[in-house]
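Student: So that we are looking at the same thing, I have put the structure below in structure tokens.
What follows draws every value from the coordinates through simple rules; no lab data is involved. These numbers come from a predicted model, not from an experiment. Note that we place each Cβ from the backbone using ideal geometry, even for glycine, and neighbour counts take in every protein chain shown.
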Amino acid sequence: MKRVSLLVSGLMLLVSGPLLADPESDRLAFVNYFEERFPDVELEAYVNGVYALDEASYEQWLQIEEFPPYELAVEDGEELFNTPFANGKSYADCFDNGGIGIRQNYPYFDADRGEVVTLEYAINLCREANGEEPLGYKKGAIASISAYMAYTSRGNRFEMTIPDDPRALAAYNNGKQYFYSKRGQLNFSCADCHVNNAGMHIRADKLSPSLGHPTHFPVYRSKWGELGTLHRRFDGCNKQVRAEPLPAQGEDYRDLEYFLTYMSNGMETNGPGARK
Amino acid sequence: MASGIRIRAKLEDGVAEVKCLMKHDMETGTRKDAKTGELIPAHYITDVTCEHNGKVVMTAHWGPAVSKNPYFAFKVKDAKPGDVIKVSWVDNEGATDSVEETLE
Amino acid sequence: MKRYILASALVVVGVTGCGQREEADVMRQSEAVVAEAKKDAESQPPAKPAPAVSMAEEFAEIYQNAEAAARQARELKYSWTSTAPLLEAASKAAEAGDYEKAMQLATEALLEAETAIGQAEIQATAWKQAVVQ
Amino acid sequence: MQLQRRIFLSGAVAISALLAVPRALLAAYPAKAFEQKDPGDALKSLFGSAEHSPSDKITLTAPDIAENGAVVPISVATTIEGATAISVIVEQNPQPLVASFDLTPGTAADVSTRIKMGKTSNVIAVVQADGKLYSTSKEVKVTIGGCGG
């Protein structure tokens, strides 16, 4: 049985054509996969993560969203965002449109820096450019600031373009490779859980679909009892397959976010979100 | 200091539907600190008072099993635009917080 | 050589197990993999009865190899979270003079780290087959 | 209405409340009731009686399966005339009494909150009206494990 599967996947390899397809055909195939797999789920619903696939949880989630616990953090974030640095400048000076309504512009490939810049990364670049210490990347102030910036951007759509720059494509492919590579003692890739097994149970939990994953971060997880960033979640996912996580906002995780966000390109930003 | 209570009220047919979210850890006293391994002392809101134009219309008594950052929704009768709804809490350590909202 | 076989086994289980059943119990499948790896570790030749000094030396060698393999796995970004605790437990057991246990734990860590390295080598190309087409 | 129960529980507190500001009522936090390990004892401590009869005039809204036991959204509403209190009990919690709401004619008997549940349990909503207790209950399953919880 195992041999047959291997043989089949080998054959598929032969007929499936070029392996490093361009990002847009990757995205179309990705979206198509979920549309075929879950024909009853509207494409727009994927921004709600697992709640797109789980009606009973969706009902509870709506009740939580009635007055979501992240609202307190959004307020904190607004205050932090508007607090000037020691040099008198503020976050607003670092971002387009004063930082309001621009969440969907991240991540992007920065040609000058030669690397992917995510929103949280940009927040710390801003701090450092103004002589401030960088913030921790997984929770706390950076999550609150990111939540506030996302909150002001709700409903805006990701309109990512991957520039015609071999470095940008390399970053995209690095993220893609990370996404599809099995790792950890449990030998799972991101895709094993969130593509192949999306909507199925892992013990008591339903696995969320990868499509729409990056739209709603940062999230307030009831499990955390606080906000956390997308990279905090990467960290948790890696640990759950018993793989040692890589540094938050390190090159690999930023590239992963770049790939993931491209897969959800065209969808609405709706962060911050509430999750179990 | 800004209030740690967020409040929203919706007036419909003379009934105000009031929803609040209160910033509070609601520690049960049975949880251990992940780093030190020591028990985190119980710390939770015990009483929530809801006032309508200065008159107490509801008192809620809570134990530590109300969730962290508690959510509380209730309905006030005979309400009209301009009425003031006040929500305040006291916790087991004597700390308090309150917020007022004028109905529209 | 051994690590390739093990890692291939991991890959086969992983590929065939996914997405086939209505409610795949992914955890159970993976625990089978872990159990398999554990069983394999247990079947390693147990410490031979020998004087304590040579056992210490033998342990030191296994431990060094395990540590080196673990370092390599980490450099490849494929380190498992379960390996470092095994190494720690191994050196604790050795400190307490329980070399038999120490060697068993260090061997398990070595096996894990080598499997992780094999995983990295296989995934360097295998991931392409998993891409949604 | 508000004061009736107080007199029954503790006359002294109620009388002082009549004379002083309404906030004096806060002194009457039913600490003993919250400490009880048994649902019946908690009710007895709170209302003086643990006897409650099922009523279809109480609506308890709670999920069949809690997404996360730390945050279970619940609502209790009743159409029973003259309801003076609503209490929420989670049978299997170490301290079953979770919350109790004292109503007045100025409020509708309709409250919502989010509660912690240690494990699968019956949730009981108890309504006090005219000195009697009425109830309805619902089982809420709490599952643990996986990647989300």
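Student: For each cysteine in chain A, check whether another cysteine's C-beta sits under 4.7 Å from its C-beta; list those where none does.
Tutor: Here A:CYS190, A:CYS193, A:CYS237 come out as lacking a disulfide-compatible partner, given the Cβ-Cβ threshold of under 4.7 Å.
Student: Measure of size requested: the Rg and Dmax of the range B:5-102, with Cα atoms as the atom set and Å as the unit; please supply both.
Tutor: For the range B:5-102, the Cα-based Rg and Dmax read 15.6, 54 Å.
Student: Below 8 Å, C-alpha to C-alpha, sequence gap of six or more: please give me the relative contact order for the range B:5-102 in percent.
Tutor: Value for the range B:5-102: 32 percent.
Student: Where the centre of each part is set by its Cα atoms, how far does the range A:84-110 sit from the range C:99-114, in angstrom?
Tutor: 50
Student: Among B:LYS77/D:LYS116; D:LYS32/D:LYS138; A:LYS176/A:LYS206; A:LYS89/A:LYS239; B:LYS10/D:LYS32, which pairs are too far apart, with a Cα-Cα distance over 31 Å? Don't jump to the answer; show the numbers that get you there.
Tutor: Details: B:LYS77/D:LYS116 29 Å; D:LYS32/D:LYS138 25 Å; A:LYS176/A:LYS206 23 Å; A:LYS89/A:LYS239 39 Å; B:LYS10/D:LYS32 36 Å.
Result: A:LYS89/A:LYS239; B:LYS10/D:LYS32 exceed 31 Å.
Student: What residues qualify as long-range amide H neighbours of A:SER264, i.e. H under 5 Å apart, gap of 5 or more or another chain, H built at 1.01 Å from N?
Tutor: A:GLY212
Student: Follow-up question, since we're still on this one. Could you list the trypsin sites (Lys or Arg not before Pro) in the range D:67-144 that lie in coil according to DSSP, counting only those with at most 14 other Cβ atoms within 10 Å of their Cβ? Spell out each step's value before the answer.
Tutor: Working: sites: D:ARG114, D:LYS116, D:LYS119, D:LYS132, D:LYS138, D:LYS141; in loops: D:LYS116, D:LYS119.
The qualifying sites are D:LYS119.
Student: On average over all directions, what projected area in square nanometres does chain A have, based on the convex hull of its Cα atoms? Please report the intermediate quantities before stating the final value.
Tutor: On the way: hull surface 61.8 nm².
Result: 15.4 nm².
Student: Between the range D:60-108 and the range A:204-276, how far is it from one alpha carbon centroid to the other, in angstrom?
Tutor: 34
Student: While we're on this one: Each residue of the range A:120-132 in turn: what ³J(HN,Hα) in whole Hz from Karplus with 6.51, -1.76, 1.60 and θ = phi - 60°, glycine and Pro shown as x?
Tutor: Per residue, the Karplus-derived 3J(HN,Hα) values read 5, 5, 5, 4, 6, 4, 4, 4, 5, 5, 9, x, 9 Hz.
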